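The values are calculated or read from the model by the stated rules, or taken from the named source; none is laboratory data. What you see is a predicted model, and the numbers here were worked out from it, not measured in a lab. Cβ coordinates were reconstructed from backbone atoms using ideal geometry, including for glycine residues, and neighbour counts include every protein chain displayed. Ligands, DNA and RNA are stripped out before the accessible areas are found, and what is left, the full protein with its side chains, is counted by its heavy atoms. Shrake-Rupley method; radii C 1.70, N 1.55, O 1.52, S 1.80 Å.
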Amino acid sequence: MAKFRRKTCIILVLFILFIFSLMMGLKMLRPNTSTFGAPFGLDLLPELHQQTIHLGKKIDFQKSDRINSETNTKNLKSVEITMKPSKTSELNVEELPPLNYFLHVFYYSWYGNPQFDGKYIHWNHPVLEHWDPRIAKNYPQGRHSPPDDIGSSFYPELGSYSSRDPSVIETHMRQMSSASIGVLALSWYPPDLSDENGEATDNLVPTILDKAHKYNMKVTFHIEPYSNRDDKNMYKNVKYIIDKYGNHPAFYRYKTKTGNALPMFYVYDSYITKPEKWANLLTTSGSQSVRNSPYDGLFIALLVEEKHKYDILKSGFDGIYTYFATNGFTYGSSHQNWASLKYFCDKYNLIFIPSVGPGYIDTSIRPWNSQNTRNRINGKYYEVALSAALQTHPSLISITSFNEWHEGTQIEKAVPKRTSNTVYLDYRPHKPSLYLELTRKWSEKYSKERTTYTLDHQLH
């Protein structure tokens, strides 16, 4: 009898542990909306917090994805290990899957190394200080020191590469096309301008266009919040992009319901500029209007807060995207709000582009921001996001990101690596290509479903 009771107790304890683990996993998949009120919630977004933190990039949330036990383990007495790039899953161009031009991925060309750039760029990202000195003093300061110590929680299969290296660009195009991604949305600053941690990259655009064309991919532009961005210089920069790159066969155009094929511009941190300024550029009566001119296009605003919907309408934008790969971080990035955002967009004839990501972790550059980490859960987090996006029947889907390593949102191949004081996260027990393979699976599913509901919409 005692033996039976002991066995029953063991089974009960194991069952309770299983339920607890399951609940923790689900919590990571669908975070509490309570995040909004937390100390590091929307405070991270420029202009939404009085002390605007210029964090280099899109709010520069650069990082990877890690959770408590998944944080960089320092001071390990282990030897340095780096896995070599895998040659498996390499496909010839003719063996690559059909591309889905309704699936876009955010792409960054701001990385540099001594071989191609004379120094490391972005891999040596500084550790950003918290704006509250009382919190800042509890965290490390300084810069990362590549190649073994980089500003990321993951380590690229290609190492601390240069975005100028033609073989790197080629490999990236191959990886993206193997994932059935048809369009890369290139992070873009005007000539001679860059983010505060990088250098000018506009001179890379011709090579990126050429390499994309080789793989039948298209390139669209993700306009970053460059210094003093306004309606006048936006007109000038849109004109520059279309005049200089518009005739390239890899230059992306989206066919609208009216049959027009127009360039598309994602506008990061669009909410920083007042709607009246945008209206000058984006409405037919505006003083700097691009409408019905050779420089007309589809301008996609970043929606962060719910109230931005009405500013976006007033501004004359053609659609919205949500960018952040952190479910629960902003109103726009929360999966539970996508159905109502799609309804709003349909009502006002806007394009809704939900942004999905494989996870989020930026603690290598924002060590105080662990509450916004989203565990990848071996690909489950990504698949939940993709499923939520597909349920809204979107015209387009964007992926955050191909290679934003600082924020740990990358789907690019990553490998296991450990040094004497750092253990990087990786995709094990899966292959380095896990997120490319998942993207391909969902791209094919999206392509089939989109064909069905687009046809159904046309018939009714």
Requested in this report: Kindly check whether there is at least one residue in region 70-78 that is modelled with pLDDT under 95, surrounded by 14 or more Cβ atoms within 10 Å (Cβ to Cβ) and among the charged types (D, E, K, R).
Outcome: yes
Requested in this report: Identify the residue in region 113-139 that is part of a loop (DSSP other than H, G, I, E, B) and polar (S, T, N, Q) and, among all such residues, is farthest from Asp149 (Cα to Cα).
Outcome: Asn138
Query raised in the report: When you go through Ser315, Ser287 one by one, which is the residue that is surrounded by fewer than 18 Cβ atoms within 10 Å (Cβ to Cβ) and either within 22 Å of Tyr108 (Cα to Cα) or of a type in the set (Ser, Thr, Tyr) (or both)?
Result: Ser287
Requested in this report: State all residues of region 272-314 that are without any contact (Cβ under 8 Å) to a residue 12 or more places away in the chain and touching a Lys or Arg at 6+ places or on another chain (Cβ under 7 Å); if no residue qualifies, say none.
Outcome: Thr284
Report summary line: Those residues of region 208-218 which are surrounded by fewer than 22 Cβ atoms within 10 Å (Cβ to Cβ) and within 22 Å of Asp195 (Cβ to Cβ) amount to Leu209
Query raised in the report: Which one is farthest from Thr201 (Cα to Cα), of the residues in region 108-147 that are free of Cβ contacts under 8 Å to residues at least 24 places away in the same chain and small (Gly, Ala, Ser)?
Result: Gly142
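Let's see how each residue does on (1) surrounded by 19 or more Cβ atoms within 10 Å (Cβ to Cβ); (2) among the aromatic types (Phe, Trp, Tyr); (3) at pLDDT below 95:
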| position | (1), (2), (3) |
| --- | --- |
| Tyr323 | yes, yes, no |
| Tyr343 | no, yes, no |
| Pro367 | yes, no, no |
| Thr373 | yes, no, no |
| Ala414 | yes, no, no |
| Ser420 | no, no, yes |
| Lys431 | no, no, no |
Report task. Return yes when Thr330 is in a loop (DSSP other than H, G, I, E, B) and closer than 17 Å to Tyr435 by Cβ and no when it is not. Result -> no
Query raised in the report: In region 253-279, what count of residues is obtained for those that are open to solvent by less than 70 Å² (accessible area, probe 1.4 Å) and within 25 Å of Lys232 (Cβ to Cβ)?
Result: 15
Report task. Kindly check whether there is at least one residue in region 255-269 that is without any contact (Cβ under 8 Å) to a residue 40 or more places away in the chain and of a type in the set (Lys, Arg). Result -> yes
**Report entry** Arg174 open to solvent by 10 Å² or more (accessible area, probe 1.4 Å), part of a helix (DSSP H, G or I), at pLDDT 95 or above and of a type in the set (D, E, K, R)
**Finding:** yes
Query raised in the report: Name the residues in region 97-112 that are hydrophobic (A, V, I, L, M, F, W, C), open to solvent by less than 20 Å² (accessible area, probe 1.4 Å) and in a loop (DSSP other than H, G, I, E, B), would you?
Result: Trp110
